[in-house]
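What follows is a single structure, written as C-alpha cells, with notes after it.
Read-outs throughout are calculated quantities, based only on the coordinates presented, and are distinct from any laboratory measurement. This is a predicted model, so every value here is computed, not measured. Neighbour counts run over all protein chains shown; Cβ positions are idealised from the backbone, glycine included.
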Amino acid sequence: MPDTQPEQTPVSSDSIVVGHDGSGHADHAVTVALDLAEQLHAPVVLVRAWSIDTAPRPTNWEFGYVASIEDYADAVRIELGEAVMAEVAKHPDVKVTYRAVYASPLKSLIDVSRGARMLVVGSRGRGGLSGMLLGSVSEQCVRHAKCPVLVVRPNT
C-alpha cells in the first residue's frame, strides 16, 4: 500500500484531493483527477470516509475480538487501494496517498482539502433517495470547501 498520512490533516497546497465512496461515479472522478494531476505534476490524495457500519472487516477480525479503530481504518485503506489500483497504475508518475477518515463524507472532504489545489468529487455516489433528502455531498462540497471543487459528471 502506498504512503498514508494523518487522516484529517489538511493536505499540501499543491495536492488534488479526491473523494471515493466505492461507486462508479467516484471511479470516474479518480480517473479525471489522476489525468489532471499528471498534467499539473501534482500529488493526489484519495479520501474515503467511513464508519463502523460501512467499514470492511479488518484482516485480524475474528469472532469475539474487538478490532481497534486503526485496524478498521487499515481495512478501509486497503479496500480503497484495491478499488483504484488499476487506474493508479496507469499514472506511475503521480504520487498517490490514501486516507481513511472516520467521519462523515462531507466533513472528511472539507477537512482534508482545506487549502488544497483542488477537490474532485463524483456527481452522484451512493446517495439514492436518502441522498436527495439529506443533500448531495458534491453540492455541499461546492458550498463549503475552502478550495476549488471539480464535480465530475458521469460519462453518458
Suppose R0 equals 22 Å; then what is the FRET efficiency for residue 78 and residue 107 from their Cβ-Cβ distance, rounded to the nearest 0.05?
0.50
Once you charge only the Cβ atoms, +1 for Lys and Arg and -1 for Asp and Glu, what is the size of the charge dipole of segment 1-119 about its Cα centre, to the nearest 20 debye?
300 debye
May I ask you to compute the full-extension gain from residue 9 to residue 89, defined as 0.36 nm times their residue separation minus their alpha-carbon distance, rounded to one decimal in nm?
26.2 nm
How about segment 22-113: which chymotrypsin sites (Phe, Trp or Tyr not before Pro) there are in a DSSP loop, with at most 11 other Cβ atoms within 10 Å of their Cβ?
63, 65
Report the gain in length on full extension from residue 65 to residue 35: 0.36 nm times residue separation, minus Cα-Cα distance, nm rounded to one decimal.
6.6 nm
Here the FRET efficiency for residue 143 versus residue 57, based on Cβ atoms and R0 = 41 Å and rounded to 0.05, is 0.75
Honestly segment 16-152 on the Cα gyration tensor test (a ≥ b ≥ c root eigenvalues; a/c under 1.5 rounded, otherwise a/b vs b/c for prolate or oblate) is just oblate
